[in-house]
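Everything below concerns the one structure shown next.
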There are 2 protein chains.
Amino acid sequence: MSEPFPPTSRTRVVREANRAVYDREAIYQILDEAFVCHVGFTSGGQPFVIPTMFARVGDAIFFHGSAASRMLRNLSAGVRVCVTVTLVDALVLARSIFHHSMNYRSVMVLGTATLIEDRGEKLEALRVISDNLIHGRWDEVRQPTEQELKATAVMKVPIKEASAKIRTGPPKDDTEDYDLPIWAGVLPLITRAQQPVIDPAMRMKADLPASVKKYGRG
Amino acid sequence: MSEPFPPTSRTRVVREANRAVYDREAIYQILDEAFVCHVGFTSGGQPFVIPTMFARVGDAIFFHGSAASRMLRNLSAGVRVCVTVTLVDALVLARSIFHHSMNYRSVMVLGTATLIEDRGEKLEALRVISDNLIHGRWDEVRQPTEQELKATAVMKVPIKEASAKIRTGPPKDDTEDYDLPIWAGVLPLITRAQQPVIDPAMRMKADLPASVKKYGRG
C-alpha cells in the first residue's frame, strides 16, 4: 500500500473540500493520464505559468526545458514551483446557474524544481517524457546526440506535497430546484486523436509506425 | 485595427522566439476558444497554479471564485497573477527525438486580479463566463439569487501585458535527417462533446435544451 500525502496548510483543498483527494495512487493516476502540465514559478515578484510536456516516474515529475528558460535565470539550488495538471471530463449543467460546474480531475504538486545535470538521468527523463507523450516512439526515431542532450534542459520535481481535486457525477442542485422543468445533466468531453497527417517533406514511403497506430489517448 | 501588445521584458518569448505572437486579435482568439485557464499567484513565497473557468470580454479576463479562496487570503488592492490558457492541437512526430514537439496555442496574461464588488458587474461577469462555457445556457436556467451572488467570488484581470506562443505545421527536422526512413508527421488531437447524459434525478420529461444541441466545441 502506498502512503497518502498528508495535506499541508499549502495543499489542503480550501474550497469544495469534499472534492479533495490526498491518495497517492489517485494522484499518480491523474498525472499519468496527462501529458501537459502547467508549471508556476515566481520571478521578480511576478508569477509565471508555462505549459509544458511532462512525465511522472516514481515519486518525481520530469518536465521539459521549454518552461525552463525564464525559470533558469534565477536558478541554482532550485526553483520553487507548483506543477498543476488538469483533465476536464465534462460540463456539469445544473438547473441553476449557481450549480453549474465541470467534472474534472486536477493535481497540484508543490516542490522544488532542479535542473538535471547527470547525462544518464537526463536521457532517461527525456525517454519517459517521450513515452508519456506517445508510447514507443522513442525507439522508432533518431536518438539524441550529445550536443542535443546538452541543449535540452530537463527539470525534476520530487513529489512530496500534493493534492488532487476531483468532481464526478451529475449536477447537485438545491432541493427545491429539482421541481423546475429544466433539463439537467452532464455533457462529457473527450480528447481524441484524428487521422495522422504525414509530413509533406517525406522523401520515401514509410508505413505508419506502431506508436501512431496504437496511440491510445482519448 | 487593434493595437498589438508590445512585448515587455516579462512577456517577451525567450525560447523559440519564432513562435511568439503579440498580436491582440490572435491572442484574443486563443483566449476565446478556451474555457479553462490556469491562474498562477504567489502566496507566502510559494507559487500556486489553479485551473478555473474564465471568459474574456473586451480587454479583461474574468474568472471564477473557485481559484480565489487561497488567493483572497492576501488580497486587498489586488493580486499579481499570470493567467495562462493552452490549447493543444497535435503531437508533432519528427524523425529525431530532439525535434518532437506539440502544435499548440498558448497565451500568458500578466496582470493584477481584483475582486469584483459591484453587483451588476459581477452578474455580467458570471453571465459571460457561463456563455463561454456553453452558449445560451444562462437563459435556460434559474438565475442567481442575491445570496448566491454574494457567495460567488469573481475576479477581473485587465489585459495589459500579454503574449502568445503558437506552433503549427509539420515537424522541422535537421537537414540530414530527412533521408532517414522514418515516418514523420503530426497527430491531430481534438476535444469533442459526447452524448449528453441526463441527470438521473430528473423528475419530469424535458427536451434536450438548445444550448446542448448547439454546443459547438470541438
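Past 29 Å, Cα to Cα, is the threshold; run A:LYS160/B:LYS172; A:LYS172/B:LYS156; A:LYS165/B:LYS160 against it and keep the listed order.
On the way: A:LYS160/B:LYS172 38 Å; A:LYS172/B:LYS156 27 Å; A:LYS165/B:LYS160 31 Å.
From the list (A:LYS160/B:LYS172; A:LYS172/B:LYS156; A:LYS165/B:LYS160), the Cα-Cα distance tops 29 Å for A:LYS160/B:LYS172; A:LYS165/B:LYS160.
Non-local amide H neighbours of B:ARG142 (under 5 Å, H modeled in plane, Pro and chain starts lacking H): which ones?
A:SER96, A:ILE97
So what are chain B's ellipsoid semi-axes, whole angstrom, largest first, if each one is the square root of 5 times an eigenvalue of the alpha-carbon gyration tensor?
Details: eigenvalues 246, 131, 45 Å².
Values for chain B, descending: 35, 26, 15 Å.
Please compute the average number of Cβ atoms from other chains found within 10 Å of each residue's Cβ in peptide B:173-186.
Values: counts 4, 3, 0, 1, 2, 5, 2, 5, 6, 8, 14, 8, 11, 5.
For peptide B:173-186, the averaged partner shielding equals 5.
Looking at chain A as a GNM with Cα springs under 10 Å, which of A:TYR22, A:TYR104, A:TYR178 has the largest mean-square fluctuation?
So, out of A:TYR22, A:TYR104, A:TYR178, the one fluctuating most is A:TYR178.
With angles folded into 0 to 90 degrees, how steeply does helix A:119-133 sit against the dominant principal axis of chain A? Use alpha carbons for both and round to 10.
With both axes taken from Cα atoms, the answer is about 50 degrees.
Once you order the gyration tensor axes a ≥ b ≥ c over the Cα atoms, which shape class does the protein assembly as shown get: rounded for a/c under 1.5, otherwise prolate or oblate by comparing a/b with b/c? Don't skip to the answer; put the middle values down first.
On the way: a/c = 1.64, a/b = 1.42, b/c = 1.15.
Because a/c hits 1.5 or more and a/b exceeds b/c, the protein assembly as shown counts as prolate.
Which residue, A:VAL14, A:VAL39, A:VAL57, has the most motion in a Gaussian network model of chain A that connects Cα atoms within less than 10 Å?
A:VAL14
Taking H as built 1.01 Å from N, whose amide H comes closer than 5 Å to the amide H of B:GLU161, not counting residues under 5 places away?
Amide H neighbours of B:GLU161, under 5 Å, 5+ apart: B:LEU110.
For B:GLN143, place a label point 7 Å out from Cα along the Cα→Cβ vector, do the same in each other copy, and report the separations in nm, one decimal, smallest first.
Listed shortest first, these distances are 6.7 nm.
With θ taken as phi - 60° and the coefficients 6.51, -1.76 and 1.60, list the Karplus ³J(HN,Hα) couplings across the range B:183-194 in order, rounded to whole Hz; mark glycine and proline as x.
5, 10, x, 10, 10, x, 10, 9, 9, 10, 7, 8
Tell me which residues come under 5 Å, amide H to amide H, from A:ASP89 once H is placed; ignore anything under 5 positions away on its chain.
Hits under the 5 Å cutoff: A:ASN103, A:TYR104, A:ARG105.
Could you grab the relative contact order for the range B:96-169? Cα pairs under 8 Å, six or more apart, rounded to a whole percent. Display every interim value, and only then the final one.
On the way: 66 pairs, mean separation 45.5, N = 74.
With pairs under 8 Å counted, the relative contact order is 62 percent.
Helix A:24-33 against the longest principal axis of chain A: what's the angle in degrees, Cα atoms only, rounded to the nearest 10?
The two axes meet at around 70 degrees.
Put a label point 7 Å from Cα along the Cβ direction on B:THR114, then list its distances to the equivalent points in the other copies in nm, shortest first.
4.3
In sequence order, what are the phi-derived ³J(HN,Hα) couplings for the range B:155-163 according to the Karplus relation 6.51 cos²θ - 1.76 cosθ + 1.60 with θ = phi - 60°, rounded to whole Hz, with x for glycine and proline?
10, 10, 10, x, 8, 10, 10, 8, 8
Relative contact order of the range A:17-213: what whole-number percent is it, with Cα pairs under 8 angstrom and at least 6 residues apart?
Numbers: 340 pairs, mean separation 52.5, N = 197.
Once divided by the residue count of the range A:17-213, the mean separation gives 27 percent.
Relative to the other copies, what are the label-point distances for B:ASP179, with labels 7 Å from Cα along the C-beta vector, expressed in nm at one decimal and sorted shortest first?
8.1
Every number in this text was worked out from the coordinates using simple rules, so none of it is lab data. Being a predicted model, the structure only gives us computed values, none of them experimental. Glycine also receives a Cβ, built like all others from the backbone with ideal geometry; neighbour counts cover every protein chain displayed.
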